[in-house]
Amino acid sequence: MKQESAAQNTPPASPPPSPPAQHPRDHGDPQALWIFGYGSLVWRPDFAYSDSRVGFVRGYSRRFWQGDTFHRGSDKMPGRVVTLLEDHEGCTWGVAYQVRGEQVSEALKYLNVREAVLGGYDTKEVTFYPQDTPDQPLKALAYVATPQNPGYLGPAPEEAIATQILACRGFSGHNLEYLLRLADFMQLCGPQAQDEHLAAIVDAL
């Protein structure tokens with residue numbers, strides 16, 4: 001998910017999307033909210049949280065199909081960052097962060113700028129399965145870029161995506177760093193964590 005810090009940069013004057021009527025809450029703590037990160041949030045959430053868990057969501061595949069003209073690219077050379085594609089057989093690994101009390105509003109305010117205004121992402125409720133306790137799934141909020149947003153680039157051969165990533169840089173750094181940090185995270189998750197699309201782009205480099 002394009003998930004980068006927007007500090008010290010002026011966001012474009014774009015109206016934020018309408019938030020969902022109700023955010024998913026932790027049944028064990030009605031004041032808590034879980035937020036699922038599958039892009040740069042896995043290594044740099046940049047908001048305060050009370051707990052974090054590595055795990056996965058089912059029914060989605062991660063794809064480098066979202067264009068980025070701010071964090072990892074520019075208007076002339078958009079970078080490529082990840083979004084979630086509905087896929088019945090899919091499984092996407094990431095990190096879920098629990099925010100509680102005042103952390104909830106602060107995290108949502110920050111992510112609205114980072115993901116929605118600057119990134120073109122909308123919110124979606126997903127079921128998250130913690131790696132250590134997959135039999136105790138959690139409802140979580142995820143930021144997903146759909147084909148309807150203006151920055152959406154859609155599918156391309158992995159070799160072409162790799163070439164584009166190598167050429168792009170934005171306010172948060174080089175697009176290649178984004179790719180390799182995500183690949184490093186997947187290796188840390190262990191052999192059960194697979195992402196053929198990500199691996200094919202890395203191999204194409």
Inset, instruction - At 1.4 Å probe size, with every protein chain present, just tell me what the per residue accessible area of the chain comes to in Å². - result: 49
Inset, instruction - Compute the length gained on full extension between R181 and L166: take 0.36 nm times their separation in residues and subtract their Cα-Cα distance, giving the result in nm to one decimal. - result: 4.0 nm
Inset, instruction - Could you tell me, in Å, what Rg and Dmax come out for the Cα atoms of the chain? - result: 15.9, 47
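Can you tell me the alpha carbon radius of gyration of the range 48-102 divided by the globular rule-of-thumb value 2.2 N^0.38 Å? Can you show the working numbers first?
On the way: Rg = 14.8 Å, N = 55, 2.2 N^0.38 = 10.1 Å.
Normalised by 2.2 N^0.38 Å, the Cα Rg of the range 48-102 equals 1.46.
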Legend entry - Net lengthening on full extension, H23/T146 (0.36 nm per residue, minus Cα-Cα): 42.4 nm
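Which percent, nearest 5, of DSSP beta bridges in the range 46-205 are antiparallel?
Numbers: 28 of 28 bridges.
The antiparallel proportion sits near 100 percent.
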Inset, instruction - Excluding M186 itself, calculate the net charge of residues whose Cβ lies under 14 Å from the Cβ of M186, where each Lys or Arg counts +1 and each Asp or Glu counts -1. - result: -2
Legend entry - Size descriptor, Kirkwood hydrodynamic radius, that averages inverse alpha-carbon separations across the range 115-183, Å: 14.7
Legend entry - Pairwise label distance in nanometres, D46 with Q194, each label 7 Å out on the Cα-Cβ vector: 3.4
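Using a 1.4 Å probe on the protein heavy atoms, what percent of the accessible area of the chain belongs to carbon and sulfur? Mind dumping the intermediate values first?
Details: 5070 of 10010 Å².
Ligands and nucleic acids excluded, carbon and sulfur give 51 percent.
The values are calculated or read from the model by the stated rules, or taken from the named source; none is laboratory data. All figures in this text were calculated on a predicted structure; none of them were measured in a lab. No Cβ is skipped: glycine too gets one built from the backbone with ideal geometry, and neighbour counts run over all protein chains shown. The area values use the complete protein model at the heavy-atom level, side chains included, leaving out ligands, DNA and RNA. Shrake-Rupley method; radii C 1.70, N 1.55, O 1.52, S 1.80 Å.
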